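S.K.: Mind having a look at this structure? Questions to follow.
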Amino acid sequence: MKDKKAWSGRFSESTNPLVEQFNASVGFDKRLYRHDIQGSIAHATMLGRQKIIAVNHARKIVKGLKRIMKEIETGQLQLSVADEDIHMAVEKRLIEIVGAEIGGKLHTGRSRNDQVATTFRMYVRDLTDEIIHLIRQLQRALYKQAKQHIDTIAPAYTHMQPAQPIRLAHWFLAYYEMLDRDTSRFEDSRKRLNTAPLGSAALAGANFPLDRKWVAKQLGFDTVTKNSVDAVSDRDFAAEFLFATSMTATHLSRLAEELIIFTTMEFGVMELPDAFCTGSSIMPQKKNPDVPELIRGKTGRINGALVAMLTMLKGLPLAYNKDMQEDKEPVFDSGDQIRVMLRLAAEMVANIKIHPGKMANRAEEGFTTAVDITDKLVMAGAPFRDAHRIVGRLTRVCIDNNMRFSELPRAEAFNIDPRLPEIMKNSVGAAGSTNMKDVIGGTARRRIASRLKQMEKEMAKWRI
Ligand code: ARG
């Protein structure tokens, strides 16, 4: 056999080249090298501490592993398909460096099954922390805009039809709240992720007196897994990561959709910075919102990654199956996409131009204070359902006469209901309407101001 594999002992034929390619994951799992080597360093050191291998052998192994880390970082070490995966590639190189007599001892009491489970958890843990940090940045940008736009009155919609006026701050902060749930989802899944499988070996546990807890601590894990069969087949952490990512992407996509709508000629209440748009190859007048469109578009493949992961897992018998090698690319791709999406979303939010005048105008259109007139009738003693009918009629009359509420002659209003002229005379307008929503979570100015204060306290506690 030309290229001897570490596991070639029981084989008499060499691997079919197409199989070799099909089987290999090194092309993508090479990005696990840092975590893999860290894991191996901890494992080797522990083997020495436990006298499972000689301490000076453990030292040589660790030295060799550190050298490999540098070789990969500087691009000196070329990884090839024949190496199968990053774990085999590192081990092969270690044996080249320190010799088979010593290097061949690294894998004592370990299987690639517990190795890859540990390595991948470490990778997803770092990715999770980075994403939490990026979400926080976006939340900060939203908070800043909200603070600036507490007195900007904006139209809000249901069914994309004008519904009620709100303060623009309230709109920004709606996204803040969504993203707050996202960070808590990532933090929560991180807790379950942070358990070390190393020591579970192939599936049954190891025949050597491994100090699993010591290794786990070295690698920043809170604890060790409690069942070796589960430990090597558990990819819940990857699925949870992908769900949290999908949810975050979905929130970004909804934000993107709103930015696209609000910056159209038709709405024109916001404007995207030029730096986030592109022109058309034929239509000279165009400024296209490519960035929010791509955020919206990429959410599709991020959701797809979650489905790919769940589908890959759903029929798997215990314990490790090669199918599980398919767990990485969805995580890598979704991680790559969401990081850029979050960064761009934060910059877009920070730099979006708002047209407060146009916005306030829009907020007054579409009879958005209808609920307020209705509620004032209720406050004057009318049952809500009657009041609803009265204001419905009022709206109908205004639409037929192409008027706003404020333009309807007193007599006409009186005809609909004698209480209306008085109520409408004291019309509060869109800004006043917002201040009537004086409940916790409402869009009244003082409620938003107090939520902003709370947020300042929350933000002061953020660790990343
Ligand atoms: N490259 C493999 C993966 O990502 C590593 C584990 C392989 N284990 C095995 N028994 N073939 O899943």
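The values are calculated or read from the model by the stated rules, or taken from the named source; none is laboratory data. Since the model is a prediction, treat every value here as computed from it, not as a measurement. Cβ sites come from the backbone with ideal geometry, for glycine too, and all protein chains shown count toward neighbours.
S.K.: Out of contact with any Asp or Glu (no Cβ under 8 Å at 6 or more places or on another chain) and within 16 Å of the ligand (Cβ to nearest atom): does that describe Leu198?
M.R.: When the stated conditions are applied, Leu198 does not pass them.
S.K.: Let me ask another. So which helices (runs of 4 or more DSSP H) are wholly in segment 355-452 and hold at least 3 residues that are buried (at least 18 other Cβ atoms within 10 Å of the Cβ) and in contact with a strand residue (DSSP E or B) (Cβ under 8 Å, 6 or more places away or on another chain)?
M.R.: The helices (runs of 4 or more DSSP H) meeting that bar are 356-364, 429-435.
S.K.: Considering Ala350, Ala346, which residue is more than 16 Å from the ligand (Cβ to nearest atom), buried (at least 18 other Cβ atoms within 10 Å of the Cβ) and more than 23 Å from Asp29 (Cβ to Cβ)?
M.R.: Unique residue meeting the criteria: Ala346.
To keep it simple, each residue is scored yes or no on (1) outside any helix (DSSP H, G or I); (2) closer than 15 Å to Phe208 by Cβ.
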site: Ala44; (1), (2): no, yes
site: Ile53; (1), (2): yes, yes
site: Leu65; (1), (2): no, no
site: Leu79; (1), (2): yes, no
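S.K.: Within segment 175-202, track down each residue that is among the small types (Gly, Ala, Ser), farther than 30 Å from Gln50 by Cβ and crowded, with 18+ Cβ neighbours inside 10 Å. So that I can check it myself, show each step before the final result.
M.R.: Residues of segment 175-202 among the small types (Gly, Ala, Ser): 184, 189, 196, 199-202.
Filter once more, so that each one left must be farther than 30 Å from Gln50 by Cβ: 184, 189.
Across segment 175-202, the qualifying residue is only Ser189.
S.K.: If you don't mind, another one. Mind counting the residues in segment 107-133 that are within 16 Å of the ligand (Cβ to nearest atom) and closer than 20 Å to Ser25 by Cβ?
M.R.: Restricting attention to segment 107-133, the residues satisfying the condition of being within 16 Å of the ligand (Cβ to nearest atom) are 107, 109-124.
Checking the rest, the ones that are also closer than 20 Å to Ser25 by Cβ come to 107, 110-124.
Count: 16.
S.K.: Only one of (1) surrounded by 17 or more Cβ atoms within 10 Å (Cβ to Cβ); (2) within 16 Å of the ligand (Cβ to nearest atom); (3) not acidic (Asp, Glu) is not met by Ile41, so which one is it?
M.R.: Condition not satisfied by Ile41: (2).
S.K.: Restricting to segment 203-227, give me the number of residues that are surrounded by fewer than 20 Cβ atoms within 10 Å (Cβ to Cβ) and either among the charged types (D, E, K, R) or more than 23 Å from Tyr320 (Cβ to Cβ) (or both).
M.R.: Total satisfying the criteria: 9.
S.K.: Right, here's the next one. Could you list, ordered by first residue, the pairs with Cβ atoms under 8 Å in which the first is in segment 267-281 and under 11 Å from Asn351 (Cβ atoms) and the second is among the acidic types (Asp, Glu) and modelled with pLDDT of 90 or more, at least 6 apart or interchain?
M.R.: Filtered contacts from segment 267-281: Phe276/Asp290; Phe276/Glu347.
S.K.: Sticking with this one: Go through Asn113, Asn23 for me and flag whichever is surrounded by fewer than 20 Cβ atoms within 10 Å (Cβ to Cβ), within 20 Å of Lys322 (Cβ to Cβ) and touching a residue at least 60 places away in the same chain (Cβ under 8 Å).
M.R.: Asn23
S.K.: Quick check on segment 287-321: of everything there that is of a type in the set (Gly, Ala, Ser) and part of a helix (DSSP H, G or I), which residue is farthest from Pro197 (Cα to Cα)?
M.R.: Gly297
S.K.: Which of the residues belonging to segment 248-276 are within 26 Å of Asp336 (Cβ to Cβ) and either among the aromatic types (Phe, Trp, Tyr) or not in a helix (DSSP H, G or I) (or both)?
M.R.: Of everything in segment 248-276, those that are within 26 Å of Asp336 (Cβ to Cβ) and either among the aromatic types (Phe, Trp, Tyr) or not in a helix (DSSP H, G or I) (or both) turn out to be Leu272, Pro273, Phe276.
S.K.: Can Ala216 be described as under 30 Å from Val116 (Cβ atoms), part of a helix (DSSP H, G or I) and free of Cβ contacts under 8 Å to residues at least 24 places away in the same chain? Full working, then the answer.
M.R.: Details: under 30 Å from Val116 (Cβ atoms): yes; part of a helix (DSSP H, G or I): yes; free of Cβ contacts under 8 Å to residues at least 24 places away in the same chain: yes.
Answer is yes for this residue.
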